[in-house]
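Below: the structure, in structure tokens.
The values are calculated or read from the model by the stated rules, or taken from the named source; none is laboratory data. What you are looking at is a predicted structure, and each value in this text was computed from that prediction instead of being measured. Counting neighbours? That spans all protein chains shown, and the Cβs are built from the backbone with ideal geometry, glycine included. These accessible areas exclude ligands, DNA and RNA; they are computed on the full protein's heavy atoms, side chains included. Shrake-Rupley method; radii C 1.70, N 1.55, O 1.52, S 1.80 Å.
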Amino acid sequence: MANNIGAFFKSEPDRELAVKGVEQHIRNFWEPRMRTAIIEYVQKGGTELMDIVSEAVLHIAK
């Protein structure tokens, strides 16, 4: 699901805006357990996510 969100925002030519779009979508629409799970996945080295998704998740983790 996260990569589908990333694919949508990937068309944004400004990478920073794309990452912020993914981040905002996850913050707004994912329940806390889902956010916690994806943060843990990225922090443990998960490699199945698009770069902009991983970056957005790391912003959420801060």
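Some notes on this structure:
- Every pair of residues 6+ apart whose Cβ atoms lie under 7 Å, when the first sits in the stretch 10-34 and is closer than 9 Å to ILE52 by Cα while the second is open to solvent by 80 Å² or more (accessible area, probe 1.4 Å) and assigned to a helix (DSSP H, G or I): ALA18/LYS10
- If the condition is being within 9 Å of the chain's Cα centre (by Cα) and aliphatic (A, V, I, L, M), then the stretch 8-38 contributes VAL19, VAL22, ILE26, ILE38.
- LYS62 vs. criteria at pLDDT below 95 and over 12 Å from the mean Cα position of the chain (by Cα): yes
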